[in-house]
Amino acid sequence: MFSAGKFWLGLGLSVVLVALFFMTVDVGHMADALARANYLYVAPAVALYMIGVVFRTMRWQVLLRHIKPVSNRRLFPVVVIGYMANNLLPMRLGEVVRSYYLGEREQISKSSALATIFIERIFDALTLLLFVAVVALFVPVSGVAAGFGEQWGVAPILLAAGLSLPFVAAFGVMLLLSRWPERTRNLAIMMMKPLPQRFPHERALHIVEYFLAGFASLASPRKIALLFALSVPVWGFETGLFYLIGFSFGFHLVYDNLWHLAAAMALVTALANIGSSIPSSPGGIGLFELIARETLVLLPLAVVDRSDAAAFAAVSHFALLLPMIILGQVFLWAGNLSLRRLAQADSAG
């Protein structure tokens, strides 16, 4: 799972993205914005985010219930350690660390656990797309899409499709797999038949079975509704983090009213997280800041200085990453574990 090549690739991506972030902003003005900020809002902002992590834990418990009931108290440290690993390792390898740690801790299939985490990610993306759709009902967001399209040399319609259709398609595929597991199993067997004898047919089929077990929760419309109901507060509380940190930088004085500020923060939350969900640098560092900054600058609700937006994006991301890293390390120490040991053990397994 974890290799020197992936580490250096992730580090290289971080360096390039962070360099691009600083090259496209007035660093002196950004430093002034950081100096002027009122950091009293950061602590309650982080508290809101941690409430969202509790809802993440509750949602994962629902996804795992048909495999093995696990209490929220036991799941919460696993969730935190997984997010800590995502913040420190490249290519979103924290997802694999989390599935491995849960499998070892609760004696369940690591492949099934990984499948439930994949479902989580799709529900996250669909919920964030819902946030964008709701904001678009009241706020002209076409200028944001056009601005990003111009910066990246992509037509706005293609950009919107690229950010949404893969998640919608993945959700559709998961629904099909959950409703017709036997057909999926037979299709997998048929596809493996032409493969050479040395191919581990039996092991591959077992992995398919475990993934189908992970997707089985989506066979229930009631459970799908519950998963969406739990996903909304997950991202609502994270939006609250951005909203309060917006007060740190005086954005409540820049926007005409607090509703406009809330809409802007919901859009920043959605676009920055969807964009940085692409497996790349540790914690999405660099890409997250670029998207969050440009969303504020391009959104026509208020004129936000790019340097102020950059300072806001940096502090917001710091508030998302650091608490999970610290708390995750505390849980690792309590369990006499280390992130390196978990990564190396998974590689060996």
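The values are calculated or read from the model by the stated rules, or taken from the named source; none is laboratory data. Remember, predicted model here, so these are calculated numbers, not experimental data. Virtual Cβ from ideal backbone geometry, glycine too; neighbours counted across all protein chains shown. Heads up: the accessible areas ignore ligands, DNA and RNA and are worked out on the full protein's heavy atoms, side chains in. Shrake-Rupley method; radii C 1.70, N 1.55, O 1.52, S 1.80 Å.
Brief remarks follow.
- Across region 271-349, the mean sequence separation of Cα contacts (distance under 8 Å, 6 or more residues apart), normalised by length, yields a relative contact order of 20 percent.
- Over the chain: helical MRE at 222 nm, DSSP H runs n ≥ 4 each giving -39500 (n - 2.57), nearest 500: -26500 deg cm²/dmol
- With a Cα cut-off of under 26 Å and a minimum spacing of 8 residues unless on different chains, the lysine pairs in the chain number 5.
- Average accessible area per residue (Å²) across region 153-222 - probe 1.4 Å, nucleic acids and ligands excluded: 69
- Answer label, with Rg and Dmax of the Cα atoms in Å calculated from the coordinates and candidates (1) 19.2, 59; (2) 21.0, 69; (3) 19.8, 64: (2)
- The distance separating the Cα centre of region 295-319 from that of region 108-173 comes to 21 Å.
- Mean separation of Cα contacts under 8 Å (6+ apart) over length of the chain, as relative contact order %: 35
- Between ALA334 and SER142, the distance separating the two model label sites (each 7 Å from Cα on the Cα→Cβ line) works out to 5.2 nm.
- In terms of the mean number of neighbouring beta-carbon atoms within 10 Å, the peptides 177-186, 120-129 order highest first as 120-129, 177-186.
- Stokes-Einstein diffusion coefficient of region 137-188, Kirkwood radius over Cα pairs, 20 °C, 1.002 mPa s, in µm²/s: 159
- Springs between Cα atoms under 10 Å define the GNM used for the chain, and in it the highest mean-square fluctuation of GLY283, GLY236, GLY153 occurs at GLY153.
- Surface/4 estimate of mean projected area, convex hull on alpha-carbon atoms of region 28-90, nm²: 6.4
- Using a Gaussian network model of the chain in which every pair of alpha carbons under 10 angstrom is joined by a spring, one finds that among ALA170, ALA270, ALA314 the greatest mean-square fluctuation is at ALA170.
- Diffusion constant of region 217-344 at 4 °C, which comes from Stokes-Einstein with the Kirkwood Cα-pair radius and 1.567 mPa s, µm²/s: 79
- Angle in degrees between helix 306-334 and the longest Cα principal axis of the chain, rounded to the nearest 10: 40
- Cβ-defined net charge surrounding PHE21, 13 Å radius [Lys, Arg +1; Asp, Glu -1]: -1
- The P(r) of region 1-135 has a tail past 19 Å containing 64 percent of all C-alpha pairs.
- Taken about its Cα centre, region 210-349 carries a charge dipole of about 500 debye when Lys and Arg each add +1 at the Cβ and Asp and Glu each add -1 at the Cβ.
- Summing Cβ point charges (Lys, Arg +1; Asp, Glu -1) relative to the Cα centre of the chain gives a dipole of roughly 1500 debye.
- The C-alpha atoms of the chain define a longest principal axis, and helix 221-248 lies at about 30 degrees to it.
- The long axis of helix 94-106 is offset from the longest Cα principal axis of the chain by roughly 50 degrees.
- Distribution of pairwise C-alpha distances over region 76-167, 10 Å bins, in %: 15, 32, 26, 21, 6
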